[in-house]
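*Asks:* Sharing a structure, written as C-alpha cells. Questions coming.
The values are calculated or read from the model by the stated rules, or taken from the named source; none is laboratory data. In this text the structure is predicted, and so the values were computed from the model without any measurement. Using ideal geometry, Cβ is built from the backbone for each residue, glycine included, and neighbour counts are taken over all protein chains shown. For the accessible areas, the whole protein counts, side chains as well, though only heavy atoms, and no ligand, DNA or RNA atoms are used. Shrake-Rupley method; radii C 1.70, N 1.55, O 1.52, S 1.80 Å.
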Amino acid sequence: MKKPTIYLVFSVVLLVFSACEQEEVGQMPKFQEVAGAVSSTIPASSWQSGSISSIVPPDELEDLGGQLEGTNIWKSNNPEIFRGTGWLMQNSRTDASRGGSATPMSGTFPIYLFHINKTGSQKYVHVLVTNPNSSTITISGKGSMYNNAEKPLTGSGTGQSFHVAKDWINNNPRTSFSNVSLGQYQAYEVAKLPVSNNGMIDGRFEVTASQGVYVYTVVTSGGSFTDAVNKSQGGPAAGDIYSPGTNAYGREAGVYDESVWKGTTNLPLPASTSHLGLALNTSSKFAVNGVYLQNQNADDVMRLSDSADKTYGNYGHKYDITLAFTNPHSTSKTVSVYFGSNYTNSVNTPSFTYNGPVLMNGVTKNVYTTPTSPRQWLATWTVPAGGAFNGNFDFYVPGLITTGQQLVLVVN
C-alpha cells in the first residue's frame, strides 16, 4: 500500500454433581423465549445440593448457553508493553518481522486496544483508519479511549479499562464521527492520547466503512498526525512480545472472527436449596483438574505470526446473555446470582481479577473481584410458583482482568 496522504485529523488529546430430586407438580412452565438467541437447557438434576459461599470449582462449571457471533474484531494488545515508536498493530500487509497479511475490514466492526508505555518518556498512541481503495469511501464511528492519568486506577469502578467498558454499556462514547469521506490512500485519525512513562491506555471503537479499510495503532514521540501516518508505513514499535505456546495463551494482535457471545441458558429450578456454576469467558486451551472448560474464544481471521490464535480473555468483547428460570414447583423460589472469577489465591496477587460494570435487567452494578474475594453478589430474584423469570446480562469485557469467570447461582 502506498503511503496515505494527510487528511482529516480527529484527535482527543486528553488525555461432578449430586442430583436434587425434583417435585412433580403439574405441567412444566414454558421458558420465556428470547428472539434470535441460541439456547440450551441445564436440567434440574445438574444442580448441586446445598448452598455455596464462594465460587464453584472451575472444573464443575456447566456450559453457558449461546454462541459467538457478531462481526470481526480488530485487536491490538501485543506488544502489550511498548518500548519504542512505530506501529503496534496493522492489517494492511505482511511485515518482515511480525508477519500478518492484508485483511481489509468493511461494514461495522469493533476495534480494541490496550498498551503500557515503558519507553522512558511520554509517548502518544494514535488510532488511524486508511482507505486502500481506488475510489472514495465513507467512514463513521464512535468509541472511547482513556489513559490512567485521566482515569486513575485506585480500586473498584476506576481506571481506564473500567471507564471504556462503562461508556459502552451506557452507550455514551467519548467521541464520534459521521460520514467522513476518504479518498484513495487518505487517512483519518480516530483518536490520539498521550501516555506517560509506565502509563496505560485502553480503547474500544466501532467503525463503519463503506469499503475495506486498514486500521493502525501507532506510537509517536510528539503526537504529530504526519509522523503517525509515516510510522504506520514503517517498522513495528519495539516491545515485549508474548507469543502463544504449549504453556502460554499469548497476547492478541490481529483480526478475529467474532466479537459477541449471545444466547440463553434455560434453567428449570430444583425443589430444594441448591447451587450451580456457569462458565463465563472461559478457554479450552488448558485443562482444569483434567477437565477442559467451555471454549468461548473467537478464532483468528488474520493474526501477526507472533500473536495469539484465539481471543483468550475476550478483552473488548460483548456478552449479551439471558438466564431463563422456570419454577415447576408449588411454592415460589428465590435465585441469587453472583459474579465470580476463577483465579483464587491466599494473597491479592494480582491486586484484582475483574473490574467492570454489568447491566442486569436495566440495573448496572460495578463488579470487582480479587484472588482472596473472588465472588460478588449481583442480584436476587423471585420466581413464582409455576412461573418463569428471565435475567438479562450485558457487559463488555474490560482490559486488566484475569481470564476465566463464572456465574454462581443459588436457589432457595
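*Asks:* So, in segment 100-131, of the ones that are more than 24 Å from Gln211 (Cα to Cα) and of a type outside the set (S, T, N, Q), which residue ends up surrounded by the fewest Cβ atoms within 10 Å (Cβ to Cβ)? Please lay out each step first, then the result.
*Replies:* Going through segment 100-131, the residues more than 24 Å from Gln211 (Cα to Cα) turn out to be 114-125.
Those left that are additionally of a type outside the set (S, T, N, Q): 114-116, 118, 120, 123-125.
On the way: Phe114: 25, His115: 28, Ile116: 19, Lys118: 18, Gly120: 10, Lys123: 26, Tyr124: 23, Val125: 27.
This residue is Gly120.
*Asks:* Then there is this: Scan (1) part of a loop (DSSP other than H, G, I, E, B); (2) in contact with a helix residue (DSSP H, G or I) (Cβ under 7 Å, 6 or more places away or on another chain); (3) not small (Gly, Ala, Ser) for the single condition Gln294 breaks and write down its number.
*Replies:* Against the list (1) part of a loop (DSSP other than H, G, I, E, B); (2) in contact with a helix residue (DSSP H, G or I) (Cβ under 7 Å, 6 or more places away or on another chain); (3) not small (Gly, Ala, Ser), Gln294 comes up short only on (2).
*Asks:* On to the next question. For Phe109, are the conditions met, namely being under 21 Å from Ser221 (Cβ atoms), under 20 Å from the mean Cα position of the chain (by Cα) and not in a loop (DSSP other than H, G, I, E, B)?
*Replies:* On the way: under 21 Å from Ser221 (Cβ atoms): no; under 20 Å from the mean Cα position of the chain (by Cα): yes; not in a loop (DSSP other than H, G, I, E, B): yes.
No, not satisfied.
*Asks:* For Pro270, work out the one condition from (1) under 28 Å from Ile111 (Cβ atoms); (2) of a type outside the set (Ser, Thr, Tyr); (3) not in a strand (DSSP E or B) it doesn't fulfil.
*Replies:* (1)
*Asks:* In segment 219-247, how many residues are part of a strand (DSSP E or B) and within 15 Å of Arg83 (Cβ to Cβ)?
*Replies:* 5
*Asks:* Another question about this same structure. Name every residue in segment 112-148 that is in contact with a helix residue (DSSP H, G or I) (Cβ under 9 Å, 6 or more places away or on another chain) and either modelled with pLDDT under 95 or not in a strand (DSSP E or B) (or both), in order of residue number.
*Replies:* Asn148
*Asks:* Being open to solvent by 10 Å² or more (accessible area, probe 1.4 Å) and closer than 30 Å to Ser140 by Cα narrows it down to one residue among Asp306, Asp202, Asp240, Asp299; which is it? Steps first, answer last, please.
*Replies:* Working: Asp306 fails: closer than 30 Å to Ser140 by Cα; Asp202 fails: open to solvent by 10 Å² or more (accessible area, probe 1.4 Å); Asp240 fails: closer than 30 Å to Ser140 by Cα.
The match here is Asp299.
*Asks:* For segment 255-275, check the following and say yes or no: at least one residue is assigned by the TED database to the domain that holds Pro384, surrounded by 21 or more Cβ atoms within 10 Å (Cβ to Cβ), basic (Lys, Arg) and under 26 Å from Asp167 (Cβ atoms).
*Replies:* Looking through segment 255-275, at least one residue is assigned by the TED database to the domain that holds Pro384, surrounded by 21 or more Cβ atoms within 10 Å (Cβ to Cβ), basic (Lys, Arg) and under 26 Å from Asp167 (Cβ atoms).
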